[in-house]
Amino acid sequence: MANENSQAPIPREVPCGGLRIGDVAPDFAARSTTGEIRLSEFRGRWLILFSHPADFTPVCTTEFVALAQSANEFEKRDCALMALSVDSLFSHFAWLRLIRDRYDVEVRFPIVEDPTLVIGRAYGMVAPQDNDSATVRTTFFIDPQGVIRALTCYPANVGRSTPEMLRMLDALQAVDDGPVLAPANWRPGEALLSQPDASLETVFSAKGQTDWFMKETRGGSKK
């Protein structure tokens with residue numbers, strides 16, 4: 001698996017190929033920085049599960065600082081954060097202590113250890129034939145019913161965008177409020193789009209050429 005300093009990608013099986021949008025997130029139990037944890041215990045609220053290649057790496061450190069600083073924003077949206085990497089629990093502890101001492105921010109969301117790659121492989125974070133212990137930056141947006149609603153994959157040498165993670169979460173929660181769609185670059189408070197009415201009468205009776213399938217609405221969540 002490429003590390004953060006890699007210059008060229010190595011062709012390999014697509015790492016996100018294991019699970020798809022609409023799948024139920026596989027349950028697991030593991031040790032974490034907040035104690036023994038089970039994924040199914042988070043049912044009833046949103047959960048973002050994300051992997052990182054390794055502790056004590058530069059890009060990962062910037063991500064965890066940014067996510068810890070935005071932890072209250074995820075909490076406002078009733079969304080828990082859970083990280084995962086192959087490093088041991090004690091490596092996680094040492095890294096979080098370094099982050100606190102260097103950046104004056106405490107990472108309080110759980111970081112799960114996965115030294116045998118069991119969880120990473122079950123979620124498609126690493127290809128089956130990979131022996132490298134590092135995972136790519138895969139993010140799973142899991143709804144309160146335990147269903148994967150969105151996922152993203154970043155290479156090991158490019159960090160995530162915390163604002164986009166929040167925007168994705170806002171959009172997923174907004175479209176859950178009714179038969180609406182979130183357009184490109186949508187943010188809370190902006191208009192959503194109505195689901196098109198798939199009938200010929202609607203198409204022919206619309207005043208404008210695009211009115212039958214491009215109609216704004218103010219439905220959905222507002223934060």
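Here, each number is a calculation from the coordinates, and none is a lab measurement. None of the values given here were measured: they were computed from a predicted structure. Here Cβ is always computed from backbone atoms with ideal geometry, including for glycine, and neighbour counts include all displayed protein chains.
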- Roughly what would the spin-label model give for R45 and R121, points 7 Å off Cα along C-beta, in nm? 3.2
- Query: Can you work out the FRET efficiency for the pair A184 and V105, with r the C-beta to C-beta distance and R0 = 30 Å, to the nearest 0.05?
  - Reply: 0.40
- Message: On a full-extension model of 0.36 nm per residue, what is the gain between D177 and K76, subtracting their alpha-carbon distance, rounded to one decimal in nm?
- Response: 34.7 nm
- Message: Tell me the relative contact order for the chain as a rounded percent, counting alpha carbon contacts under 8 Å between residues six or more apart.
- Response: 24
- Item | the chain, helix-only ellipticity at 222 nm - DSSP H runs n ≥ 4, -39,500 (n - 2.57), divided by all residues, nearest 500 | -7500 deg cm²/dmol
- Query: Using 0.36 nm per residue, how much length does the chain from I21 to F204 gain when fully extended, once their Cα-Cα distance is taken away?
  - Reply: 62.5 nm
- Measuring from the longest principal axis of the C-alpha atoms of the chain, the long axis of helix 89-103 (C-alpha) lies at a number of degrees, nearest 10, equal to 70
- Shape box of region 177-223 [Cα atoms, principal axes, largest first, Å]: 37, 17, 14
- Relative contact order of region 30-89: what whole-number percent is it, with Cα pairs under 8 angstrom and at least 6 residues apart? 48
- Dividing the Cα convex hull volume of the chain by residue count, how many Å³ per residue is that? 146
- Query: Pairing the Cα long axis of helix 58-69 with the longest principal axis of the chain, what angle in degrees results, from 0 to 90 and rounded to the nearest 10?
  - Reply: 60
